[in-house]
Amino acid sequence: MDWANLAFGYIPTDYNVRCTFKDGKWGEIEVSSSEIINMHIAASSLHYGQEIFEGLKAFRGADGKIRVFRLEENAARIQESARGILMEPIPTELFAEMVKKVVKLNERFVPPYGSGASLYIRPLEIGMSPRIGVKPASEYLFIIMVSPVGPYFKEGFKPTNICIMREYDRVAPCGTGRWKVGGNYAASLTAGEHAHSLGYSAVLYLDPKEKKYIDECGPANFIAIKNGKYITPASDSILPSITNKSLQQIAKDMGLEVEARHIPVEELAEIDEAAAVGTAAVASPVAEIHDLDTNHKYIVSKDGQPGPVVTALYHKLRGIQMGEEADIHGWNTIID
Ligand code: PLP
Ligand code: COI
C-alpha cells in the first residue's frame with residue numbers, strides 16, 4: 001500500500017461488522033468478509049431513503065497505538081439521525097463495541113504513523129422491511145465498514161477556492177440538514193459537481209430560508225477567524241460537526257473567544273482566515289470565496305498560504321489524534 005499517496009476513496013479491507021434489529025431487538029454482532037448485502041427489493045432504504053450514516057477515523061500514533069477519535073459523539077449523533085427519520089437508534093455500547101471490533105479486525109489497514117493517512121470508519125444504518133406505503137421499516141441493518149484514506153481535498157493542507165451559488169440548496173429550512181441522512185448528499189451532488197467543473201473544491205451553502213447567512217461548506221462545517229475570534233455559523237440546517245466542536249474547545253484552550261452565530265455573507269469581507277472542517281476534511285484552509293451571483297471575490301488568504309490560527313488549530317487537533325499531544329479532554333479510545 002502506498003500509504004502516503006492514498007486518496008479519499010474506497011479500498012477493500014478484510015472485514016466489516018453487522019447487526020440486525022428485528023422483532024423489536026438488536027441481534028448478535030456478525031463479522032463478515034463479504035462486501036455484499038442481500039436485501040429485499042422493496043426495502044424502505046431503497047425506495048424512501050431510510051438511510052443514515054457516520055464518519056470517524058482511527059489513527060496510528062507516535063507510540064504505535066491505534067486511537068479512535070470521539071466515538072461516543074458519533075454514537076450520539078447517529079441516534080439523533082435515527083430519531084430524525086424514524087429509524088431504530090443504535091445503543092452507544094453496541095456502536096462502541098462494533099467500532100472497536102472492526103478496527104481491531106482490520107488492524108493491518110490502519111496507516112502507519114507519519115504517513116498522513118488514517119483508517120476511515122463508516123457506520124451506516126438502513127431500513128430493510130419491504131414498504132410500498134410511505135412508512136418506516138420495522139427491521140434495520142447496521143453495518144460498519146472501514147477504508148484507509150488520505151486527504152479529502154486532494155490539495156491536503158493547502159488553501160483552496162470555494163464558491164457561493166444561490167441556485168442550489170442541500171437541505172430545507174426545517175428539513176434534514178441537522179442529521180446525517182444519505183438523501184442530503186444526493187441533494188448536494190448537482191451543486192458539488194457544478195462547483196468542481198468550475199474549479200472550486202466545494203460549495204459554500206447559504207441558509208436555505210433567507211439566503212443571507214453562511215450555512216456550511218460541502219461535506220464540512222465552515223469556520224473563520226476574525227480579529228482573533230473563532231466564528232462559526234449557528235444554524236438548524238447544518239450538521240453539528242464533531243470536528244468543529246473539538247476545534248472550538250481547542251480554540252478556547254488556546255485563549256481564543258468562540259462565537260457560534262449567524263454570519264452574513266458580507267461579513268466574509270472582514271475575516272482573516274477560514275477553513276472547511278470535518279472528519280474527512282480535517283481543517284482545510286480556504287484561499288478565496290467567489291460569490292458567483294454577485295461576482296464578488298472574497299480574498300481570505302492573500303499569499304495562498306494557510307493562516308496562523310487555522311494552522312495552529314490543525315496541528316493541535318492532529319497532535320491529539322496521533323497521541324503526540326496530551327488528550328486532556330479524553331477524546332481518544334485506544335484499541336487494544
Ligand atoms: N457537515 C456535513 C454536511 C458533513 O457531511 C460532515 C461530515 O461528517 C460535517 C459537516 C463534519 O462533521 P464531523 O466533523 O462530525 O465529521
Ligand atoms: C465525514 O467527514 O466523515 C463525512 O462524512 C464527509 C463525507 C460525506 C465524505
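The values are calculated or read from the model by the stated rules, or taken from the named source; none is laboratory data. Note that this is a predicted model, so its numbers are computed, not measured. Quick reminder, even Gly has a Cβ in these numbers, built from the backbone with ideal geometry, and neighbours come from all protein chains shown. Keep in mind that these areas ignore ligands, DNA and RNA; they rest on the heavy atoms of the full protein, side chains included. Shrake-Rupley method; radii C 1.70, N 1.55, O 1.52, S 1.80 Å.
Residue count for region 159-192 under the criterion of being away from ligand 1 (no atom under 14 Å from the Cβ) and in contact with a Lys or Arg (Cβ under 7 Å, 6 or more places away or on another chain): the result is 2.
With the requirement that a residue be free of Cβ contacts under 8 Å to residues at least 40 places away in the same chain and open to solvent by less than 50 Å² (accessible area, probe 1.4 Å), what does region 188-204 give you? 188, 191, 192, 195, listed by residue number. Being away from ligand 1 (no atom under 15 Å from the Cβ) and crowded, with 22+ Cβ neighbours inside 10 Å is a property that residue 121 lacks. Being over 19 Å from the mean Cα position of the chain (by Cα) and either outside any loop (DSSP other than H, G, I, E, B) or touching a residue at least 12 places away in the same chain (Cβ under 8 Å) (or both) is a property that residue 124 lacks. So, of the residues in region 12-32 that are in contact with a strand residue (DSSP E or B) (Cβ under 8 Å, 6 or more places away or on another chain) and among the small types (Gly, Ala, Ser), which turns out to be farthest from residue 78 (Cα to Cα)? The residue in question is 32. Does region 271-280 contain any residue that is modelled with pLDDT of 95 or more, in a helix (DSSP H, G or I) and not assigned by TED's automatic domain parsing to the domain that holds residue 74? No: zero hits. Evaluated against (1) farther than 17 Å from residue 290 by Cβ; (2) part of a loop (DSSP other than H, G, I, E, B); (3) open to solvent by less than 60 Å² (accessible area, probe 1.4 Å), residue 255 falls short on exactly one condition, (3). Suppose the filter is out of contact with any Pro (no Cβ under 9 Å at 6 or more places or on another chain), within 15 Å of ligand 1 (Cβ to nearest atom) and over 13 Å from residue 220 (Cα atoms); does residue 195 pass it? Yes; evaluated as a whole, the condition is true for this residue.
Table: residues versus (1) open to solvent by less than 30 Å² (accessible area, probe 1.4 Å); (2) more than 28 Å from residue 247 (Cα to Cα); (3) free of Cβ contacts under 8 Å to residues at least 60 places away in the same chain.
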residue: 38; (1), (2), (3): no, yes, yes
residue: 56; (1), (2), (3): yes, no, no
residue: 62; (1), (2), (3): no, no, no
residue: 71; (1), (2), (3): yes, no, no
residue: 76; (1), (2), (3): no, no, yes
residue: 96; (1), (2), (3): yes, no, no
residue: 102; (1), (2), (3): yes, no, no
residue: 108; (1), (2), (3): no, yes, no
residue: 135; (1), (2), (3): no, yes, no
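Return yes or no: is residue 307 at pLDDT 95 or above and in contact with a helix residue (DSSP H, G or I) (Cβ under 7 Å, 6 or more places away or on another chain)? In short, no.
Within region 235-250, if we keep just the residues that are among the small types (Gly, Ala, Ser) and in contact with a Phe, Trp or Tyr (Cβ under 8 Å, 6 or more places away or on another chain), the residue that is nearest to ligand 1 (Cβ to nearest atom) turns out to be 246. Among the residues of region 260-271, are any touching a strand residue (DSSP E or B) at 6+ places or on another chain (Cβ under 6 Å), more than 16 Å from ligand 1 (Cβ to nearest atom), of a type outside the set (Gly, Ala, Ser) and open to solvent by less than 30 Å² (accessible area, probe 1.4 Å)? Yes - at least one qualifying residue is present in region 260-271. What do you reckon, is residue 290 more than 22 Å from the chain's Cα centre (by Cα), away from ligand 2 (no atom under 16 Å from the Cβ) and either open to solvent by 10 Å² or more (accessible area, probe 1.4 Å) or within 26 Å of residue 114 (Cα to Cα) (or both)? Yes: the conditions hold for residue 290.
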